[in-house]
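K.L.:
Okay, handing you the structure first.
Please treat every number below as a calculation from the coordinates, not as lab data. Fair warning: this is a prediction, and the values are worked out from it, not measured in the lab. We place every Cβ from the backbone using ideal geometry, glycine too, and count neighbours over all the protein chains shown.
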Amino acid sequence: MNLIENIREGLRSVKANLLRSTLTALIVAIGITSLVGALTAVDGIGYTLTESLSALGANSFYIESKRNRNRQSNGVNEKRYPPLTLDEVQKFMSDFKVSSTISLAATLTWNAEVKYRSKKTNPNVGIEGVNDQYLAVAGLNIDKGRNFSVIESQYGSRVAIIGSKIKETLYEGGVDPVGTEISFKGTKFRVIGVMQEKGQLAEENYDNSVLIPILVANQLNSGRQLDYELQVAIVDQSLMELAMGEATGIMRSIRHDKVGNPDSFQLERSDSLAELNQIMDIIRMAGFGIGFVTLLGSAIALMNIMMVSVTERTREVGVRKALGATPLRIRQQFVIEAIVVCLMGGLVGIVLGIAAGNGFARLMSIDEFILPWLWIIFGLAVCVFVGLLSGYYPAWKASKLDPIESLRFE
């Protein structure tokens, strides 16, 4: 009896004991459903959270002036480094070639008083000089109007984007701020946009801020040095280490840092995404553990059923051996039968698992449909392994039966 015939015989045996085979396949299907379903749901949650954090700058790093804390080391004051200049950060933006979005920002003041006609705010408004990429990298959205254009950013037009709190303070009766003029620090600005409300959960009080082009902020600072900060958002997260190394090299060249000397600037990475990945790994391991325990129960149940099948078919095994079947062929027959049952249950379990995982993600308001090819392939491999593991001992036991005693079995 060759391998193909063994496969056919396994399928015939499954068909002959359809109810028992179906129940056994359902046991396996439940295990695969719990495994694939849990991991699919975790992937869906992780995908959405990663996108959300990426929009908030979690896939980014910062370059800013090195903080001078006037600390002493062995009785010697730490070296003080000059702050980043506008020319240096602009040169970095033009020289950095890794696919990314780069925002540039500098705080002009945190205690400005903004006026519109006879209305004015409290003297606690933050004025931030930014480039045209700042909103995208910071995860801010426009409620009304538009963002800065490239021309306005490059040539320092007198335009502004205001926060939602400033709109509520200065504009009453449903007046549209877009197109109106506000003033602060003795300069008039035309409002071109209003930011969506960010709330108190934001790291900065964007709702009580005004954004203006970085060149204008530099001019309004009366010749004093602004504290510039670059935020580089990488398109491909896997290139983060490469991008940070490239950025360090470019900035050291711009700042003329000598070989062997420490960096004269600070480069810091946002750790939010790394922390998320750690949490998702823990959740994924928990889901895998639940599925593994269910599959273990399925394997034990399948082994028990295969043992019963060997006992019921002892006479059949005796006949096959009497006709010349070798122990290898006998083992193949029962192992293939177990694997066929597992694959039947596995295919059903994979379909149910994908449906259950995406259904659970929908309940959590996650609209992204996940088709986890990795877990599908893994699930099928697990089915074959479980079938092999569960069917081998009964198959080995059947191959060791004495043909004479087997023919006498009633």
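K.L.:
Return the lysines within reach of K15: Cα separation strictly under 27 angstrom, same-chain partners fewer than 8 residues apart disregarded; answer none if there are no such residues.
P.N.:
Answer for K15, where 27 Å is the Cα cut-off: K321, K397, K400, listed by chain and number.
K.L.:
OK, next. Among V36, V348, V319, whose mean-square fluctuation peaks in a Gaussian network model of the chain (Cα, cutoff 10 Å)?
P.N.:
Residue with maximal mean-square fluctuation among V36, V348, V319: V319.
K.L.:
If you don't mind, another one. Work through the residues other than N131 whose Cβ is under 12 Å from its Cβ and net out their charges, Lys, Arg +1 and Asp, Glu -1.
P.N.:
With Lys, Arg at +1 and Asp, Glu at -1, the net is -4.
K.L.:
Quick one: helix 272-312 against the long Cα principal axis of the chain, what's the angle to the nearest 10°, folded into 0 to 90?
P.N.:
Relative to the chain, helix 272-312 is tipped by roughly 10 degrees.
K.L.:
Only Cα pairs under 8 Å and at least 6 apart count here; give the relative contact order of the chain as a rounded whole percent.
P.N.:
Working: 705 pairs, mean separation 122.6, N = 410.
Worked out over the chain, it gives 30 percent.
K.L.:
Could you pull out the pairs from K120/K185; K66/K185; K66/K188 whose alpha carbons sit more than 24 Å apart here?
P.N.:
Pairs exceeding 24 Å: K66/K185; K66/K188.
K.L.:
Set Lys and Arg Cβ to +1 and Asp and Glu Cβ to -1, take the dipole of segment 80-170 about its Cα centre, and tell me which of G129, S157, S118 lies farthest positive.
P.N.:
S118
K.L.:
Rounding to the nearest 10 and keeping the result within 0 to 90°, find how far the Cα-based axis of helix 373-399 lies from the longest principal axis of the chain.
P.N.:
Here the helix axis deviates by roughly 20 degrees.
K.L.:
222 nm [θ] for the chain, helices only, -39500 (n - 2.57) per DSSP H run of 4+, per residue, to 500? All intermediate terms of the calculation are to be shown ahead of the outcome.
P.N.:
On the way: 13 runs with 223 residues, N = 410.
About -18500 deg cm²/dmol.
K.L.:
Who wins for biggest fluctuation among G44, G249, G186 in a Gaussian network model of the chain, springs between alpha carbons below 10 Å?
P.N.:
Highest fluctuation among the options: G186.
K.L.:
Which value, in debye to the nearest 20, gives the size of the charge dipole of the chain about its Cα centre, when Lys and Arg are +1 and Asp and Glu are -1 at the Cβ?
P.N.:
520 debye
K.L.:
Tell me which GluC sites (Glu not before Pro) from segment 200-261 have a DSSP coil assignment and no more than 10 other beta carbons within 10 Å of their own. Present the calculation step by step, with values, prior to reporting the outcome.
P.N.:
On the way: sites: E203, E204, E229, E241, E246; in loops: E203, E204.
Answer in residue order: E203.
K.L.:
Starting from 0.36 nm per residue, how many nanometres of slack lie between T107 and H256 once their C-alpha separation is accounted for?
P.N.:
Full extension of this stretch gives 51.1 nm more.
K.L.:
Take L19 and N205, extend 7 Å from each Cα along the Cα→Cβ direction, and tell me the distance between the two endpoints in nm.
P.N.:
Here the modelled spin labels are 7.5 nm apart.
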